[in-house]
Amino acid sequence: MSDDQLDLVFGALADRTRRAILARLAHEDANVGDLTALFTMSQPAISKHLKVLEQAGLISRNRQGTMRLSHLEAAPLKDATGWLADYREYWSESYARLDELLDSLD
Amino acid sequence: MNVTDTLTIETPGAHAITISREFDAPVDKVFRAMTDPELIARWMGPKYLTNTEIVNDARHGGTWKLVQRDPDGNEYAFRGVFHGEQTPELSMRTFEWLGMPGHVSFETLRLVDLGNGRTRADNVSVFTSQEDRDGMATSMESGVIEGYERLDEILEAL
């Protein structure tokens with residue numbers, strides 16, 4: 001994933017509502033009406049969030065009859081969390097090793 | 001993630017990263033493990049990285065260097081200079097990843113005695129631009145960390 005796309009993904013994930021939308025879509029595709037019903041937010045506000053998620057590649061939107069269904073795209077999410085995990089894991093793992101070392105020192 | 005892990009990573013302001021962690025050992029022991037090159041080699045970095053070179057000349061103006069090698073043979077080298085004598089209360093140094101030369105940050109490390117033989121290590125890194133900081137820390141921004149646990153749930157549900 002390019003840095004630019006990572007920026008978009010992290011930007012999209014920085015918002016609580018957008019994370020909640022993704023959690024909802026992880027279970028099942030949904031249209032904007034379903035999502036508006038779920039959150040205490042106006043339809044235009046939800047549409048705006050969906051646009052941000054779509055630009056980040058985190059969801060795709062397909063027309064089905066008169067409905068436009070949002071679908072979770074897992075790949076960029078997995079890339080982002082894999083990359084995200086790196087720094088935290090670096091220190092988490094280093095310090096866990098330091099714990100062991102400290103135990104073994106006199 | 002280990003529930004007893006007291007690691008916290010934050011990004012106050014636009015140019016800083018802070019990392020704090022508690023250890024079940026007294027200050028002098030933690031200080032020794034963080035300054036003796038032979039001991040540093042035994043814990044710095046995840047297990048898949050091998051520490052191939054460690055220099056820690058903890059005098060004013062002394063240099064430090066760390067070279068880590070991954071299983072594919074790629075090497076990651078970091079270096080910098082100490083400012084003032086390195087003590088448990090305060091150690092100050094510059095930090096530069098040679099993969100991105102010229103993007104130098106300044107780091108302080110303070111070991112705080114928590115009593116009962118416990119110590120907290122407080123690291124602060126300050127970068128000269130928000131871009132440099134974010135390059136190092138995008139993943140550590142609090143909003144993202146908060147999202148991280150949520151994401152685990154999402155990924156599990158896939």
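The values are calculated or read from the model by the stated rules, or taken from the named source; none is laboratory data. Treat the numbers as computed from the prediction; the structure is a model and nothing was measured. All Cβ positions, even for glycine, are placed from backbone atoms using ideal geometry, and neighbour counts span all protein chains on display. We work out accessible area using only protein heavy atoms, side chains counted, and drop any ligands, DNA or RNA first. Shrake-Rupley method; radii C 1.70, N 1.55, O 1.52, S 1.80 Å.
Here A:Ile59 meets the list (1) β-branched (Val, Ile, Thr); (2) open to solvent by less than 70 Å² (accessible area, probe 1.4 Å); (3) at pLDDT below 85 almost entirely, failing just condition (3). If a residue must be open to solvent by less than 30 Å² (accessible area, probe 1.4 Å) and touching an Asp or Glu at 6+ places or on another chain (Cβ under 7 Å), how many such residues does the range B:45-57 contain? Count: 2.
Here's a check for you: in the range A:15-45, which residue that is free of Cβ contacts under 8 Å to residues at least 12 places away in the same chain and surrounded by 16 or more Cβ atoms within 10 Å (Cβ to Cβ) is nearest to B:Asp132 (Cα to Cα)? Ranking the qualifying residues of the range A:15-45, first place goes to A:Arg19. Within the range A:65-81, the set of residues being modelled with pLDDT of 80 or more and more than 11 Å from chain B (Cβ to nearest Cβ) comprises A:Gly65, A:Thr66, A:Met67, A:Arg68, A:Leu69, A:Ser70, A:His71. Residue check: B:Trp64 meets all listed conditions (1) open to solvent by 30 Å² or more (accessible area, probe 1.4 Å); (2) away from chain A (no Cβ under 12 Å); (3) without any contact (Cβ under 8 Å) to a residue 40 or more places away in the chain but one, namely (1). Checked against (1) assigned to a strand (DSSP E or B); (2) closer than 30 Å to B:Glu131 by Cα, A:His49 passes all but a single condition, namely (1). Residue count for the range A:82-102, restricted to those that are more than 7 Å from chain B (Cβ to nearest Cβ), open to solvent by less than 60 Å² (accessible area, probe 1.4 Å) and modelled with pLDDT of 85 or more: 1. In the range B:5-32, the qualifying residues are those that are hydroxyl-bearing (Ser, Thr, Tyr) and open to solvent by 40 Å² or more (accessible area, probe 1.4 Å), and the one that is nearest to the chain's Cα centre (by Cα) is B:Thr8.
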